[in-house]
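Before any comments, here is the structure.
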Amino acid sequence: MNHALTLITFIPIAGMVVVLALPQAMKDICKWIAAAATAVQLLIAIWLYRSFDTATTAIQFAEKHDWIPSYHITYFMGVDGISISMVLLTALICFISVFASFSITRAEKAYYALLLMLDAGMMGVFVSLDFFLFYIFWEVMLLPMYFLIGIWGGPRREYAAIKFFLYTLLGSVLILLAMLGLYYYGAQSTFDMTVLASNASHYSTTFQRIVWIALFIGFAIKIPAFPFHTWLPDAHVEAPTAISVILAGVLLKMGTYGILRVNFAILPEATHQLAWLFLGVIGTINIVYGAMCAMAQTDYKKLIAYSSISHMGYVMLGCASFTAAGINGAVLQMFNHGTVTAMLFILVGVIYDRAHHREIAGFGGLAQQMPLYAGMTGFAFFAGMGLPGMSAFISEVLVLIGAWQTHPLMTVFGAATAILTAGYLLWTYQRIYLGPFNEKYAGYADLTFREAFTLVPLAIIVLILGVYPHAVLGLLNTSLVHLNQIVLSTPGPAVALLH
Amino acid sequence: MDLGNYASLAHFLPELLLSAGILVLIIVDLLVANKSHLGDLALIITAGALLLIALTPVTANAWLFHRMLVFDGFAMFFRALIALAALVAVWMSMGSEEVRGCDQGEYYAILLASTLAMFLMAESANLLMAYLSLEFVSLTSYILTGFLRHNRRSLEAALKYLIYGGVASGTMIYGMSWIFGISGSLDFTVINKALTAPGALPVLAVFIALVLILAGMGYKVASVPFHMWAPDVYTGAPIPITTFLAIGSKAAGFALLTRFFFPAISSLTASGSWQALKGVDWPQLLLVICVITMTLGNLAALQQTNMKRLLAYSSVAQAGYALMGFVVLSNDGIRAMLFYLFAYYVMDAGAFLVVMIVANNTGREDIGAYRGLAWRGGIVPAVALSIFLLSLTGIPLTVGFIGKFYLFAAVIRGQFYVLAVVGVINSVVSLYYYMRPIKTMFLDTPNGDEGTLAADTWNYGLMSVLACATIALGIYWAPIIAFANRSLNFFLGA
């Protein structure tokens with residue numbers, strides 16, 4: 001399969017075309033077409049996972065064709081250890097989210113077409129190695145997201161959708177300028193990320209720093225890092241369940257992936273000098289501030305959204321550590337956060353579909369009525385807290401071990417926040433699932449088969465990666481250690497603050 | 001080559017065809033009782049002119065009519081672009097309810113005359129010719145703008161246009177007289193020699209003269225501070241004419257501006273960048289105009305509720321983006337500008353066409369007429385308008401993104417970093433108002449009083465072609481950039 005990456009990116013587009021071509025009378029099978037397309041995508045992802053050679057740092061499954069030769073723009077796709085893990089995550093989350101979408105009844109054709117387009121855009125970002133191509137996918141994805149939130153969202157959907165679009169477009173145009181700067185002022189004019197990375201030393205220090213910051217802002221908006229995070233709670237609260245799942249499960253990872261792929265690989269010197277502030281300090285703020293905000297929320301979904309911000313902080317902190325453990329932990333955390341948060345959002349969706357509200361104070365004692373649901377939520381909450389035996393434990397501990405060696409003070413804050421996290425999750429659990437039963441909710445059905453079908457695979461992955469993290473770490477280690485070596489070989493920051 | 005009157009005619013066939021066509025239209029209008037086919041005739045004439053342009057490639061540059069006009073790659077590009085704009089304008093006129101009530105023969109004859117005038121404007125090699133063609137374009141535009149005789153807005157727009165135009169052309173010809181006094185000639189190449197020759201130059205006098213001339217041209221491209229006429233004229237004119245002014249007249253303005261500023265008063269250096277006239281910080285001056293034009297256009301568009309007015313302010317902002325290619329004073333920049341003008345043609349014509357389709361069906365131009373358009377039988381125009389508006393914003397997979405990409409590339413390469421940042425922030429701001437009609441069409445639910453939309457083959461056909469072109473050229477644009485590259489060929493005299 002020489003075209004595996006093209007196939008995995010454009011299978012959803014093929015599905016989209018089929019969905020759009022269906023006559024209105026057959027709109028009921030849209031979801032099955034979407035399911036089939038994402039299933040094929042997942043199978044290809046698994047095949048890629050199985051055939052991936054973990055011993056090399058080289059680009060694998062590469063495809064390269066000329067696109068616009070006069071501007072050195074190529075169609076260049078390929079994966080290394082970092083991207084293969086994200087490809088796997090994207091395929092998995094998209095497959096799950098199709099099933100989480102079955103409760104959508106309005107304009108299904110348009111919904112599934114946009115969902116598949118979003119899927120293709122995200123997959124494209126992770127497999128592109130030409131900066132121009134990367135950028136196209138990066139931006140193309142904004143549009144379906146806007147409509148998915150804007151048409152199928154909650155009461156303030158218009159506000160949330162345009163806010164999302166404006167924030168992320170601001171980020172992307174900065175990336176565009178940075179990309180053009182790298183193109184013109186490098187050793188040779190190219191958008192090929194692998195070549196750009198090998199030319200890293202050609203850029204002057206000031207130039208590197210300016211471009212690095214522009215790129216960082218662009219990617220940080222996606223993560224979302226403090227203070228660019230305010231679009232996320234709004235988007236999550238208004239988005240339909242499946243879109244929240246994709247948003248938290250995959251979209252946020254594109255930010256940290258971009259930082260590793262572009263900032264780390266192409267501008268290692270600036271990374272080495274600026275990371276402590278932009279990734280370390282801001283990451284720590286994300287962890288603490290996100291957790292505190294989560295604690296103050298009265299809306300179940302907003303709480304999960306803020307916990308997402310908090311958990312993405314660990315990824316940033318791990319990246320800033322420049323240790324093998326920290327950076328491995330960071331990318332593993334990206335994967336784990338994807339699965340755990342996807343579960344949490346599906347669980348919020350389950351109760352919202354029944355009660356049509358998400359006020360934490362309005363629930364109580366649901367465990368009596370819906371024991372399976374309460375059990376599954378308990379499992380997901382413990383996973384979110386990073387309980388030993390579950391996947392997030394491994395990644396957070398790796399991040400903290402790694403960060404301790406370079407940024408002990410920040411690590412203390414990061415580690416201490418685990419108490420806050422446990423606090424808000426357990427408190428929420430108590431208010432919603434325990435205590436006196438609210439009779440208003442009598443007669444609610446427990447998890448349906450479809451809901452269980454979306455949750456159980458994720459739960460199994462959480463458990464497996466809790467005891468055997470090597471399944472993903474094995475993919476990452478070679479590429480990440482190599483990347484880390486490149487960054488460490490450059491001159492470090494002049495002032496070693498907070499060490 | 002310096003061709004005389006007879007020899008020039010071989011390079012002048014599209015213009016000749018248009019001139020003959022105008023006469024034929026007037027005569028047929030007098031003889032035939034049924035006027036409904038005059039539009040078809042105009043369409044055939046325009047298509048014929050376009051065909052002639054396509055069939056006569058630039059083999060050798062030449063001066064025509066004793067150095068009055070110039071025949072080179074650059075003029076070729078604009079002739080093609082203006083002919084395409086005229087084709088769209090005629091096509092739209094045939095399907096427009098507004099135009100149906102007008103005097104068909106006069107309307108199409110003046111429309112073609114305006115096209116002819118724009119051709120001449122793009123080819124001028126002499127200040128006198130430049131002035132005459134610009135006045136010719138203006139006069140025909142005034143009439144076309146006020147063509148809806150029973151519509152007060154249309155008449156008011158024509159009057160405003162006339163007054164602004166009179167002031168602008170007066171200013172311009174005054175500046176030209178100074179240049180004539182300084183250089184002793186009206187011929188661009190002679191002016192160039194006189195102004196770039198070593199030796200003392202009355203810098204202040206040249207500066208004043210050039211600013212006066214650029215004011216006249218700035219009025220044609222609707223750049224700030226000469227843009228005030230645009231919103232009223234665009235709103236008042238019949239929609240096909242608005243479209244023609246937005247894409248055709250603006251392109252002709254850019255052609256004259258570029259030809260005057262670069263070959264006439266600047267000199268090309270070996271590295272592909274242009275050395276502007278010494279004594280004045282031209283990049284800085286142009287940069288200020290460019291930045292203010294895009295920012296003001298975008299900010300003013302934010303609050304508009306009439307679609308034509310929204311697109312009018314957007315077209316001011318778009319002129320600002322195109323000017324970025326001008327500011328950097330390099331061939332890179334001009335190439336980007338040419339590409340952007342082509343992209344602008346495709347997407348802006350499309351956007352106005354959808355506005356016309358909605359106006360035809362509902363009689364309304366305000367944004368309320370678009371409420372829930374996608375859910376009340378207008379899914380095709382809704383999707384098409386979204387494509388055009390996203391392209392105007394510069395979202396990838398549309399030709400508008402590629403246009404902006406080249407512009408920003410030229411700006412970054414020219415090291416105008418502040419301009420680049422201002423440009424991208426403007427793009428983000430513009431997203432807000434470009435998304436508003438999209439939001440209204442898809443996110444809002446119809447009230448029920450918006451009226452229904454009936455599909456018609458001709459308008460929907462053109463709309464689909466433009467929408468497909470917007471996307472297709474956003475994915476594979478190599479032919480267009482190659483064309484722009486070939487057109488980067490000014491005849492400087494040999």
Suppose R0 equals 30 Å; then what is the FRET efficiency for B:Leu13 and B:Leu302 from their Cβ-Cβ distance, rounded to the nearest 0.05?
0.05
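How crowded by other chains is A:177-184, given as the mean number of beta carbons from other chains within 10 Å of each beta carbon?
5
Which pairs, out of A:Lys31/B:Lys404; A:Lys301/B:Lys404; A:Lys301/A:Lys440; A:Lys163/A:Lys302, put more than 28 Å between their alpha-carbon atoms?
Working: A:Lys31/B:Lys404 37 Å; A:Lys301/B:Lys404 39 Å; A:Lys301/A:Lys440 21 Å; A:Lys163/A:Lys302 16 Å.
From the list (A:Lys31/B:Lys404; A:Lys301/B:Lys404; A:Lys301/A:Lys440; A:Lys163/A:Lys302), the Cα-Cα distance tops 28 Å for A:Lys31/B:Lys404; A:Lys301/B:Lys404.
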When only C-alpha pairs under 8 Å and at least 6 residues apart count, what is the relative contact order of chain A, in percent?
16
Over all distinct alpha-carbon pairs, what is the Kirkwood Rh of the protein assembly as shown in angstrom?
30.2
Local electrostatic count at A:Trp212 - Lys and Arg +1, Asp and Glu -1, tallied over other residues with Cβ under 14 Å
+1
1/(1 + (r/R0)^6) with r = Cβ-Cβ of B:His150 and A:Val17, R0 = 56 Å, i.e. FRET efficiency to nearest 0.05, evaluates to 0.70
Skipping prolines and chain starts, which residues have an amide H placed within reach, meaning under 5 Å, of the one on A:Asp192, given they are 5 or more residues away or on another chain?
A:Phe131
Net lengthening on full extension, A:Val481/A:Asn2 (0.36 nm per residue, minus Cα-Cα)
169.7 nm
As computed over chain B, the Cα convex hull volume per residue (Å³)
132
Grab the other residues whose beta carbon is less than 14 angstrom from that of A:Asn263, score K and R as +1, D and E as -1, and report the net.
+2
Which ³J(HN,Hα) values, rounded to whole Hz and listed in residue order, are derived for segment A:3-11 from phi using the Karplus coefficients 6.51, -1.76 and 1.60 in 6.51 cos²θ - 1.76 cosθ + 1.60 with θ = phi - 60°, glycine and proline given as x?
10, 4, 6, 4, 4, 5, 7, 9, 4
Classify segment B:246-363 as rounded, prolate or oblate from the Cα gyration tensor: take a ≥ b ≥ c as the square roots of its eigenvalues, call it rounded if a/c is under 1.5, otherwise prolate when a/b beats b/c and oblate if not.
prolate
Which of the aspartates and glutamates could be linked to B:Lys220 by a straight reach, that is with a Cα gap under 18 Å, when you skip same-chain ones fewer than 8 residues away?
B:Glu123, B:Glu135, B:Asp232, B:Asp348
In whole Hz and in residue order, list the ³J(HN,Hα) couplings for segment A:199-204 that follow from phi through the Karplus curve 6.51 cos²θ - 1.76 cosθ + 1.60, θ = phi - 60°; x for Gly and Pro.
9, 3, 5, 6, 7, 6
Projected area averaged over orientations for segment A:312-430, convex hull of C-alpha atoms, nm²
7.4
State, to one decimal in nm, how far the label point of B:Asp366 lies from the label point of A:Arg354, with both points 7 Å from Cα in the Cβ direction.
4.8
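Beta carbons within 10 angstrom, averaged per residue: use that to sort the peptides A:162-169, A:371-378, highest first.
Final packing ranking: A:162-169, A:371-378.
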Which of the chymotrypsin sites (Phe, Trp or Tyr not before Pro) found in segment A:14-108 are loop residues per DSSP with 11 or fewer other Cβ atoms within 10 Å of their Cβ?
none
Hey, got the average number of other protein chain Cβ atoms within 10 angstrom for residues in A:138-145?
3
Between B:Ile208 and B:Leu285, 0.36 nm times their residue separation minus their Cα-Cα distance comes to what?
26.4 nm
Mean separation of Cα pairs under 8 Å and 6+ residues apart, divided by the residue count of chain B: what relative contact order is that in percent?
15
Computed over the Cα atoms, what is the radius of gyration of segment A:74-142 divided by 2.2 N^0.38 Å, N being its residue count?
1.23
Shape category assigned to segment A:199-355 from the gyration tensor of Cα positions, a/c cut at 1.5
prolate
Could you compute the FRET efficiency for B:Ile425 and B:Ala20, with r as their C-beta to C-beta distance and R0 at 41 Å, rounded to 0.05?
0.25
Within chain B, which complete DSSP H helices have Cα atoms spanning at least 24 Å along the helix axis and a mean Kyte-Doolittle hydropathy of 1.0 or higher?
B:13-31, B:38-55, B:73-94, B:127-145, B:203-221, B:282-301, B:331-362, B:417-442, B:457-475
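Highest first, please rank the peptides B:209-216, A:308-315 by the mean number of other Cβ atoms sitting within 10 Å of their residues.
Top to bottom by mean Cβ count within 10 Å: A:308-315, B:209-216.
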Gyration tensor over alpha-carbon atoms, segment A:1-128, equivalent ellipsoid semi-axes in Å:
29, 17, 10
Cα-Cα pairs above 15 Å in segment A:65-112: how many percent?
66
Excluding A:His337 itself, calculate the net charge of residues whose Cβ lies under 11 Å from the Cβ of A:His337, where each Lys or Arg counts +1 and each Asp or Glu counts -1.
0
Anisotropy class of segment B:281-494 from Cα gyration tensor, a/c 1.5 cut:
prolate
Extension reserve of the B:Asn447-B:Glu106 stretch, reckoned as 0.36 nm per residue once the Cα distance is removed:
118.7 nm
Suppose a student asked you for the relative contact order of segment B:281-494, using Cα pairs under 8 Å spaced at least 6 residues apart; what percent would you report?
28
Peptide B:420-430: average number of partner chain Cβ atoms within 10 Å per residue?
4
Starting from a Cα-only point model with no solvent, please compute log10 I(q)/I(0) by Debye for chain A at q = 0.09, 0.11, 0.12 1/Å.
-0.57, -0.86, -1.04
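Coordinate-derived values only; no laboratory data. From a predicted model like this one, the values you see are computed outputs, not experimental measurements. Virtual Cβ from ideal backbone geometry, glycine too; neighbours counted across all protein chains shown.
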